[in-house]
Structure formats: C-alpha cells, structure tokens
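S.K.: I'd like to ask some things about the structure below.
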Amino acid sequence: MIDVLIAGGGYVGLSLAVSLKKAAPHLDVMVVDAAPEGVWTKDERASAVAAAAERMLDVLGVWQAIAPEAEPILRMVITDSKTADPVRPVFLTFEGGGEDNGGDGRPFAHMVPNTALVGALRRACDELGVSIRQSTVVELFKSGDHSVAVTLAGGETIEARLLVACDGVRSRLREAAGIKAVEFDYGQSGIVTTVEHERPHGGTAEEHFLPAGPFATLPLKNNRSSLVWTESTYDAERLVKEDDFIFEEELERRFGHKLGRLKVVGGRRAFPLGLTLARDFVAPRFALAGDAAHGIHPISGQGLNLGFKDVAALAETIVEADRLGLDIGSLAVLERYQTWRRFDTFRMGVTTDVLNRLFSNDIMPVRVVRDLGLGLVDRLPSLKKFFIRQAAGTPGRTDPRLLAGEPI
C-alpha cells in the first residue's frame, strides 16, 4: 500500500507530488497520468504564474530551471472598446513590481511556457523518487477503513491511504466519488495561440474587453505574445478552421498595429469556457485539487494559480497530519484543506462570472458604468494596491506557508 496516489500528471498533480516528497521524503507518492508518454513536450501554450506561485516553485527547487524561459509581466493595461473602434482608450493600468507584491521586488506574474513548467516538475519528481505511471484509473472503490483502492487501465489494483484527483475539469474521479458540482456553460470558447511581432512588448500584458469577450495578450520571450481570445463557441470554432490569411486578418483587427506586423507562430485551438465548482473538495480518503475542484473563466488569469493554492494547502495539511501521527486520509484531517480552499475558490468563481457577464456585452449603459468603475479604480491608489495584491496572490497570515516562500 502506498501513502498518496495522485491521478493526473499536469502542473497540479506534479507540484503536489514534489511538495509532499520535499517536506516528507518517507511518504510513498505515485502519480498516474492518462496522457501518452511525452505528450506534454508538444504543448505550445503558456501560463501566467503569479508571484506567490513563483515563491512556492522556488521553495520546491524548480523555479531556477524555469526562470530562463519565463517572461516577467511588468505592466498590465486594460481597455474597453468595440472591435472596430480606431482608438482604444486605456481605463486602467497596473505596474507589476514592488512592495505591493509581497515586498521582495518580484513582478506580480511571469508568463511561463507549459513545457518548461511541466518539464521542471517532472525532473524534480524523478530526483525525489516519485513514481509516474502512464495509465488511467478506471475504477474506484473503498477497500477498508484505512485505504482506498483503484483499478488501472491494465487491470492492476493499487491501494493508497489517500487518493487525490487532479484529472481536470471533467473529472471522472469526482463523479465516481459521488461529489456533485455546479456547472454552467458560457457559450464561449477561448482561442489560444502564439504570435510574433516586429516591436518589443516591453513586458506589458493587455486585456481588451470586447463585446464577444476579453482578448488578452501576454508577453513571451523573443518578441512573442501568448493570446487568449474569447469568442462565442460558434465563432471560435469557425475561426480556428479558417486559413491563415483570414485568421490573421481577424487577429489584427483585435490586436492592433502598435507592435508592428503580426505572424502566428503557434498552433491554434479553441477551449470551451464555463464555470465548474465542486460542492465538496473532500470525501473519506479522497481529495480534489486544481481543475477537478474548480474551473473558472480565464478573464482574471487565475486558473493556474488557484490550482497552486490548492497544492500548497493540501500538501501542508497532509504533511502536518503525518508529523502528528494522524491518518492523512481521514475526513477529519482533510476537512482542514476543504475549509482552507472552498470559500476562496467560490469567491474567485463568482468574481470571474460577474466580470465576464459585465464585460462580454455591448450594452451602452453597462459600458458607461463599467468604464466609470475602471477609471475610479485607476485613480484610487489603495484600491489599485488591493487588486495588485490579488493578482500577485500575495499571501495573508493564514495562507499556506509555501505561498509565502516558506518550506512546510
């Protein structure tokens, strides 16, 4: 019997495994990943890693390997306009470094290629002795008061003191454990791609609120930007199937010409957008983390960082229980993790839902009110400071230690 079985080999599952083995090397931790071997090396996407998550990765010993490929976000610009407007007035700007982010001078976020992030975590797993098995959990059942048993695709049965589901927003294990979720489809999809431009971006990220949804440009190295382009699901699916000329024409209408000529240099895919919030994060010998527990709109760029917060809280819960000689899979222990994370996740889910509904329309009275609100925030330093701290994930006194850059 092993101590912790983690289903899902993305950034959440891998960082949880590394966090546990770093703090408690005696724990037997295994990751089961359904993805084909090496598929992560073909992921062309990039993710925004907030300052708090960077501190956590630094403590885990993986940020040093990631840093050469990470591009700091030094400034955030927010506009609100129609697609055809010749001028897009800037309503709100955030500067991305300094005391507001935790006092250590870090930018409030970095853009990190997913291959660099997952690659560094997988190497850390290898070095720490975490077993990564390429398989799928096909059956989940209780086998006693002190363990949970799963059957893998090949027929092998594994017993563990705790099973953690990190298997994505459509988690099969969440359903198998009988945990219900609130689910809502926005009728939108996010087109994700990478573009190259003639002029440097200067570390500036921009979010343009357009009638169909937000259009975000996020800085990468070598005069490139990662795009998250929200459209109705019908239009998004149509656009990704168009030829390069039409796609780039539509792209330029939204991106503009301030960085010169654009060229799409990555593949393009459309991902359906919705809101998913698990009603419970835990059950006896079972916990949800990352997208299996919550899927939110990318309007705030906080999806990945919510997952890292889950990791920090769950790892601290497990390790401290183990040090006290408690049963790490008992519901009494896991309730601490649920209390820690459920309200914050619900709050972020509601916030992104309201923001998406408020900004993904072209109703004139609504536009006037939201633009006044953006302008007001821009003129109130204390309110701007609050939003910067939220974007950076600046930890409070009761937050997990990893997010403050402290080992468990």
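The values are calculated or read from the model by the stated rules, or taken from the named source; none is laboratory data. Nothing here was measured: the structure is a model prediction, and the numbers come from that model. When we count neighbours, we look across all protein chains shown, and the Cβ atoms used for this are built from the backbone with ideal geometry, even at glycine.
S.K.: Could you tell me how many of the residues in the stretch 325-339 are assigned to a helix (DSSP H, G or I), crowded, with 18+ Cβ neighbours inside 10 Å and in contact with a Lys or Arg (Cβ under 9 Å, 6 or more places away or on another chain)?
M.R.: So in the stretch 325-339, the residues assigned to a helix (DSSP H, G or I) come out as 331-339.
Pick out the ones that are also crowded, with 18+ Cβ neighbours inside 10 Å and you get 333-334, 337-338.
Narrowing the set further to residues that are in contact with a Lys or Arg (Cβ under 9 Å, 6 or more places away or on another chain) leaves 334.
Of the residues in the stretch 325-339, 1 are assigned to a helix (DSSP H, G or I), crowded, with 18+ Cβ neighbours inside 10 Å and in contact with a Lys or Arg (Cβ under 9 Å, 6 or more places away or on another chain).
S.K.: Out of all the residues in the stretch 124-137, is one or more modelled with pLDDT of 95 or more, crowded, with 16+ Cβ neighbours inside 10 Å and among the small types (Gly, Ala, Ser)?
M.R.: There is at least one residue in the stretch 124-137 that is modelled with pLDDT of 95 or more, crowded, with 16+ Cβ neighbours inside 10 Å and among the small types (Gly, Ala, Ser).
S.K.: If Glu44 passes every condition in (1) closer than 22 Å to Val228 by Cβ; (2) buried (at least 18 other Cβ atoms within 10 Å of the Cβ); (3) modelled with pLDDT of 75 or more but one, which one does it miss?
M.R.: The failed condition is (2).
S.K.: Answer yes or no as to whether Ala289 is out of contact with any helix residue (DSSP H, G or I) (no Cβ under 9 Å at 6 or more places or on another chain) and buried (at least 21 other Cβ atoms within 10 Å of the Cβ).
M.R.: On the way: out of contact with any helix residue (DSSP H, G or I) (no Cβ under 9 Å at 6 or more places or on another chain): no; buried (at least 21 other Cβ atoms within 10 Å of the Cβ): yes.
Answer is no for this residue.
S.K.: Output the number of the condition that Asn356 fails; it satisfies all remaining conditions of (1) touching a His at 6+ places or on another chain (Cβ under 9 Å); (2) in a loop (DSSP other than H, G, I, E, B).
M.R.: For Asn356, the exception is condition (2).
S.K.: Residue check: is Ser15 of a type in the set (S, T, N, Q), crowded, with 24+ Cβ neighbours inside 10 Å, over 30 Å from Arg224 (Cα atoms) and modelled with pLDDT of 95 or more?
M.R.: On the way: of a type in the set (S, T, N, Q): yes; crowded, with 24+ Cβ neighbours inside 10 Å: yes; over 30 Å from Arg224 (Cα atoms): no; modelled with pLDDT of 95 or more: yes.
The answer is no for Ser15.
S.K.: Which residue out of Ala109, Ala160, Ala149, Ala120 is modelled with pLDDT of 90 or more, of a type in the set (Gly, Ala, Ser), buried (at least 19 other Cβ atoms within 10 Å of the Cβ) and under 30 Å from Ser330 (Cα atoms)?
M.R.: Details: Ala109 fails: under 30 Å from Ser330 (Cα atoms); Ala149 fails: buried (at least 19 other Cβ atoms within 10 Å of the Cβ); Ala120 fails: under 30 Å from Ser330 (Cα atoms).
Going through Ala109, Ala160, Ala149, Ala120 in turn, just one is modelled with pLDDT of 90 or more, of a type in the set (Gly, Ala, Ser), buried (at least 19 other Cβ atoms within 10 Å of the Cβ) and under 30 Å from Ser330 (Cα atoms): Ala160.
S.K.: Can you go through Ala216, Ala212 and tell me which one is at pLDDT below 95, under 22 Å from the mean Cα position of the chain (by Cα) and of a type in the set (A, V, I, L, M)? Outline the logic, then answer.
M.R.: Working: Ala212 fails: under 22 Å from the mean Cα position of the chain (by Cα).
Selected residue: Ala216, the only one of Ala216, Ala212 that is at pLDDT below 95, under 22 Å from the mean Cα position of the chain (by Cα) and of a type in the set (A, V, I, L, M).
S.K.: In the stretch 1-53, which residues are among the polar types (S, T, N, Q) and outside any strand (DSSP E or B)?
M.R.: Of the residues in the stretch 1-53, the ones among the polar types (S, T, N, Q) are 15, 19, 41, 47.
Hits for the stretch 1-53 are Ser15, Ser19, Thr41.
S.K.: Can you tell me which of Val350, Val366 is closer than 26 Å to Gly187 by Cα, at pLDDT 85 or above and surrounded by fewer than 16 Cβ atoms within 10 Å (Cβ to Cβ)?
M.R.: Values: Val366 fails: at pLDDT 85 or above.
Only one candidate passes the filter, namely Val350.
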